Structures are given as structure tokens and as C-alpha cells.
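Here is the structure we will look at, set down as C-alpha cells.
The values are calculated or read from the model by the stated rules, or taken from the named source; none is laboratory data. Remember, it's a predicted structure, so these values are computed and weren't measured experimentally. Using ideal geometry, Cβ is built from the backbone for each residue, glycine included, and neighbour counts are taken over all protein chains shown. Please note that ligands, DNA and RNA were not included when accessible areas were found on the heavy atoms of the full protein model with its side chains. Shrake-Rupley method; radii C 1.70, N 1.55, O 1.52, S 1.80 Å.
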Amino acid sequence: MTVKELMQRVGMTQTGRALAYIKDGLEEMNMIAETHVTMDRINISENQRFYDLPNDMIKVIDVRCKNHGNAADEYRSIPRTINPPSTEDADGI
Amino acid sequence: MASSKYYAYYVRGRKIALIQHDYTLGSGQTLSQPGLNAVGARGDVLWKSPTESITEGLEIEYAYSPKYSITTAATTQVNKFYINGWTVIDGYLTFLRSHSASVPNWDASPYSAVGDDEHIVVRGSSRWSGLHKVKAGGTDGTLQTYTKVHQSVAVVSGSSNIDITAEEDTGSDGIADRSRIAANNSSNIWLNNIFSTGDYIFVSGSEQAVNNGFWKISDVQADSSNEIDSGIYVKNRYYCYDTANTLTTEGEDTIPDTYATYDESVTIYKAYRDFCYLISDIDTLNDEADVIDLPDYLAKALVYYVKAQVAEDRADLEQKEYNMREFKRLLEKNESAKIWGARRIGSDETAIR
């Protein structure tokens, strides 16, 4: 479906407003049920604990690390901790 | 061969915190594989930030909104370009690319494939993965975007008053180990106060191409009453390959190679090293002719969503609620339509049969 077809179904004439609502709708849709999934690989840096989540991310589906629980360079899901470690680390956290 | 590791994560704000279990205690005792309950008052000393750097070590799978699509297959040095890091210019996020002895011109082929006012998608960045719009590609290796960064980043703009020395061999072992950058006296530019050891900088505007690029500060001079004696030393140079078949790796030159130039009008940006890549040829959702990247059934759900928003603008809350209900109903029907047959739970390999 094109943007124009959607505007006709809704009865809208303002393209900018329609595009804004469509983008909102696409986000809402992915929040409820994932329609588009991708993955990104980030370099792990020694002593760096925090990594920004991708700018276009709406919902995390899985977090994997290379060589987690294996030595075959496989990416495996890593567990989420409930409590962060209380000891301070190199990056001051 | 790589060794087995054990990671865990938690989320804080928009960041993911990655921790690694360090098996070795101070006494040198090596522990067996830990359980998650080791993250507690007694076990937390074993959990640390990652103990080593791993290229592409963290993989995040996530749902995103299809506001853009990549229309052409990503080919390195055609529509996919690696970058060494980023800085902030005039408040805007700016990506930086360096070569082994120069910096690229984003207005010349093949880099001109990334045009001004076009969208790009960044992948593999520890901070900026996602969609950005290019403001201007420079001839000095900088690619400025429209992404605002609420962060102050040091920059020094020389005006015929920055000196760059040729590489020095301080150990007299035949191997150069540093080059010095300092400002002329009376310039009131004290580089040793602006930058610190370990910082990354991006130098642009030197008349000698080899001086420009992405450097790491190896040392700073002690405070002095003269600007010329209050400079910084650079050693390691980080760069992207542009011709070799190692295009996907970052080059690191640990032997500095610079050319002595005096009274230069160079610009020195504090930079952040973040080797990643960007893709051009992005089609964004921005006009009536664009196709919404959704299956037909979900496109109908989207119609209900837009109707709900329009009704809300009219303060017609009854219509808004009706349309939102239909939107969610179609989404749920779409989800359940993917499930076929009886649902069974597979027994674990250790289960009693």
C-alpha cells in the first residue's frame, strides 16, 4: 500500500501529517508485534561496560555475545542480570 | 582458537551494560563456570566490564520501524564506507574517516556516493547505529549530519599558529615514536590543557596530507609559560583501508609519520574512536508515492491507527477508541495466524521420560 492509498482510505489530504501518523503507527505496531527485525554487531572494548542501543531500536529481542559459553566463535544468548555488580569498574560505574 | 567466556547484561536508560565473569581471582585460583546467582553481594567481585576487546563481539537483535529501506546491496567502497569515529562540529554529529597517509574527500568518487541531504544508515557503532541525514561531506574527511549531539567536544581552530613537527626518535633506536603538535607563542592555545593523554584527535587542514587524520595522543607536555612548549604528542594513527582487500578492518600505524609544517591553520577535533560503517542509497518514507513496507493485512491495521489519530485530533474519543481497538485486533489476528497446529513443549534432554 502506498502512502497516497492510505491517505485516501482515511480521507486525509495533508501529506506531512499523514506521514507523521504513519511513522507513529509503524513504531506502535513494532512495539506490540515485531514486523521488522534486524541485528547489529558492536565491537566490545576492554573495560567499557556501557554501549548505546541502536538509534532505530524499538524493542530488544535478543542479546548475544561471541564465544559466550563456547570456543567455536558462535554467538549465543546471554542472560540478563537482575542486580548489577556493586563494585566500581574502570569506566567509573 | 578463541576461549570460552561468560557474559551477562543489564539495561540502564538507553544503554546496555555488558559484564563478563572473570574466572581468575587475585590469588590466581581459577573458578568453574558461574551461575547467575554469582551476581550478588558475594559474587559480584567476579563480574567486571569486559576483560578484553572483541571485534563485533556483541550482537543485538531488535525490532525497528520500517521508516526506511536499503534499496541497493551494500558493497564496500561503493555505497558502504567504514569510518574511524566521530566528533561534534557546530553541535552536529560528524563522522570521521582517515586513510593511512591522508584523509578522504567526501565530495569525490567513490565517497561522493554519500550526497548532501541524503539519508545514511550506520551499523556497528557503539553509539550511533541507525538512520541519519547528511548535512555536508567535507574535503577534509569529515561527514557532518543533521543529528544534534547534546555534548560539548573540544576543538582547536588554528589561525596560522599551529606547528607540527616531523616524527621523533626519542629512544635513538631507529624507530620513530612520536610527533609533536603545539601552538605558537602568544596564540593563547595551550594544547596540553585542552587534551589529555589517551584522547583521540582528528587533525584536518594541514598543507601536508600525511599530517591530517585520526591520531591518539601518547603524551602531553608539562605546563610551561610558553604555548610552544605546552603541546601534545601523537603516536598511533588509525585509518580505514581504501584499496587493500582488508577493507573491513581498521588499520593502526604505531610508527608515526608526519611532515614538519609551521604556522598552520589546522583544526584539531577531540574525537571518539568507534570503527563502524555507513550505508548510502537509503529510501525513506517521505512522500505520497512511497510504498509502506508492510504486508497488506498489516497495512489495513495501520489505516485504523491513522484514523484513530485523526479522530483524537477532532476530540472524538469514541471513534478513537474504536479505531485503536480495531488496530490491535488486526495485529493480534495477524500474530495468531502465524501459529499452526498443536502446541507442544519439547522435553529437556535431562528430563525423566
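Details
- Given chain A, longest segment not containing exposed loop GluC sites (Glu not before Pro) (DSSP; at most 16 other Cβ within 10 Å): A:1-33
- Seen against the Cα atoms of chain B and their longest principal axis, helix B:317-336 is set at about 90 degrees.
- Inter-label distance, nm, simple model (7 Å from Cα along the C-beta direction), B:Glu252/A:Met39: 2.6
- Chain B shape via C-alpha gyration tensor axes, a/c threshold 1.5: oblate
- Gap separating the Cα centres of the stretch A:23-91 and the stretch B:206-257, nearest whole Å: 32
- Computed over protein heavy atoms with a 1.4 Å probe, the carbon and sulfur contribution to the accessible area of the stretch B:249-349 reaches 46%.
- For the stretch B:240-336, trypsin sites (Lys or Arg not before Pro) meeting the loop criterion (DSSP other than H, G, I, E, B) and having at most 11 other Cβ atoms within 10 Å: B:Arg314.
- Per residue accessible area in Å² of the protein assembly as shown, where ligands, DNA and RNA are left out and the probe is 1.4 Å: 48
- Relative contact order, whole percent, for chain A stands at 17, derived from Cα pairs under 8 Å and 6 or more residues apart.
- Charge sum, other residues only, whose C-beta stays under 9 Å from B:Glu168's C-beta, Lys/Arg counted +1 and Asp/Glu -1: -1
- Folded to 0 to 90 degrees: helix B:296-313 orientation relative to chain B principal axis, Cα: 80
- Taking both sides together, the accessible area buried where A meets B is about 8200 Å² for a 1.4 Å probe.
- Distance from the alpha carbon centroid of the stretch B:282-353 to that of the stretch B:152-170 works out to 56 angstrom.
- Relative protection proxy for A:53-59, B:72-78, from highest mean packing down: A:53-59, B:72-78 (other beta-carbon atoms within 10 angstrom).
- The protein assembly as shown: C-alpha gyration tensor shape, a/c 1.5 cut-off, then a/b vs b/c: oblate
- Using θ = phi - 60° and Karplus 6.51 cos²θ - 1.76 cosθ + 1.60, couplings along the stretch A:12-19 (whole Hz; Gly, Pro as x): 9, 10, 8, 5, x, 5, 4, 4
- Sparsely packed GluC sites (Glu not before Pro) within the stretch B:270-349, loop by DSSP, other Cβ within 10 Å at most 12: B:Glu349
- Cα gyration tensor category, rounded, prolate or oblate, for the stretch B:47-110 with a/c compared to 1.5: oblate
- Nearby lysines by direct alpha-carbon distance to B:Lys5 (threshold 24 angstrom, same-chain neighbours under 8 apart not counted): A:Lys66, B:Lys15, B:Lys48
- Accessible area of the stretch A:1-82 belonging to carbon and sulfur atoms, whole % at 1.4 Å probe: 42
- Within the listed set B:Ala260, B:Ala166, B:Ala311, the residue fluctuating most in the Gaussian network model of chain B (springs between alpha-carbon atoms under 10 angstrom) is B:Ala311.
- Cα-based reach from B:Lys135 at 19 Å (exclusive), listing lysines while leaving out same-chain residues under 8 positions away: B:Lys80, B:Lys148
- For the stretch B:209-353: relative contact order, % (alpha-carbon pairs under 8 angstrom, 6 or more apart): 13
- Beta bridges by DSSP in the stretch B:36-191, antiparallel share as percent, to the nearest 5: 95
- Residues with amide H under 5 Å from that of B:Glu56, placed H, sequence gap 5 or more: A:Asn43, A:Ile44
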